[in-house]
Ligand SMILES: *[C@@H]1O[C@H](CO)[C@@H](O)[C@H](O)[C@H]1NC(C)=O
Ligand SMILES: *[C@@H]1O[C@H](CO)[C@@H](O)[C@H](O)[C@H]1NC(C)=O
Ligand SMILES: [Zn+2]
């Protein structure tokens, strides 16, 4: 039975290779992809749209997986455009976050025409799996896993990447120091290749004066956060952060009636990636906590049923698009991005102050 059938499939593929390619360029939204699935999808888009998406291996994890960055442009050949830098799944178990990152890539690359405004003067650099070892472990072995898979001193494994950045590192609560706890901040700042890689991308975007907004995807408490998290003092441009956060929440509420709260957080704990991004000079920095609600408003936390993925991906995109639109409106090429060091943080003995040329 299989022979005639495969012959037909083979014929269809020959007769209509374009339809076949178009089909493969669609993002699968009926299940969560694993690491290989994410890499294959990125490779597929890079093959079909080589002038709009470039992939770069930024580093190798402890278990030798690639920290892959997708760099997206509109293909007009202009170099040095401003950049929106987004990452996902710093926390392994937040399964909707790589979906939202890949869906953003799909929207910007495949549905390029509808979203051309987001790429006219800006490129987007997106890392859909910022903690691939942890993600794979969460998908295959222990779904609630949150950290990296690097062994610690002693028997325990893994560091929480969102406490492993340098600004205010280790400040907060006792579990940050417990190498067996899911809140372990590491034995020092930047012990993990994953946080170092995100840091190095931030530094290079600031050195080339391209980085405008850092957006870090988390789930599932339906919030938008902005710095500082390690300190209660407001940002100098807090007003811009508040306005953008409220715009995002409003766009989502209008389209799906999901309520997204907006918040500084303030003096809770140190070592987060969004504080660090603002500190090194991104004028805009946000964490976007996606929703885990199903269509009946039942909260599934980190693991929404697969039948809800498509709807939640659409909702995430509404938010991410709103972030992009506002960032672009606030920081047109005519407006300088450079902030003076004093505006980023007041110096104090607990934190070291970076210039723009520290670690590359
Ligand atoms: C990663 O690759 C290196 C070089 O091939 C190898 O020595 C190492 O054992 C690998 N690590 C793991 C955890 O597989
Ligand atoms: C799974 O991971 C969670 C979060 O790190 C941890 O608390 C729990 O002990 C792990 N479960 C097992 C069976 O290892
Ligand atoms: Zn998180």
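Here, each number is a calculation from the coordinates, and none is a lab measurement. Note that this is a predicted model, so its numbers are computed, not measured. All Cβ positions, glycine included, derive from the backbone under ideal geometry; neighbour counts span all protein chains shown.
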Relative to the present Cα-Cα distance, how much length would full extension add between residue 143 and residue 314 at 0.36 nm per residue of separation? 59.2 nm
If you wrap a convex hull around the Cα atoms of segment 23-334, how much volume per residue is inside, in Å³? 121
So, R0 is 25 Å and r is the distance between the beta-carbons of residue 78 and residue 338; what FRET efficiency does that work out to, to 0.05? 0.75
Highest-first arrangement of 301-313, 220-232, 119-131, where packing means the average Cβ count within 10 Å: 119-131, 220-232, 301-313
Calculated FRET efficiency for the pair residue 71/residue 191, C-beta based, R₀ 22 Å, to 0.05: 0.25
Nearest 10 degrees, 0 to 90: helix 193-207 Cα axis against the chain principal axis: 80
antiparallel share of DSSP beta bridges within the chain, to nearest 5, in %, is 40
Backbone N within segment 209-230 under 18 Å of label point (7 Å from residue 182 Cα along the Cβ vector): 217-223
So for each of 237-248, 190-201 I average, over its residues, the number of other beta carbons within 10 Å; can you give me the resulting order with the highest mean first? 190-201, 237-248
What does the helix-only formula give at 222 nm for the chain: each DSSP H stretch with n ≥ 4 adding -39500 (n - 2.57), the total divided by the residues, and the result rounded to the nearest 500 deg cm²/dmol? -11000 deg cm²/dmol
Label-to-label distance, nm, for residues given as residue 208 and residue 246 (7 Å Cα→Cβ offset): 3.5
Once you put a point 7 Å from the Cα of residue 329 and another 7 Å from the Cα of residue 200, both along the Cβ direction, what distance in nm separates them? 3.7
Compute the length gained on full extension between residue 22 and residue 120: take 0.36 nm times their separation in residues and subtract their Cα-Cα distance, giving the result in nm to one decimal. 32.9 nm
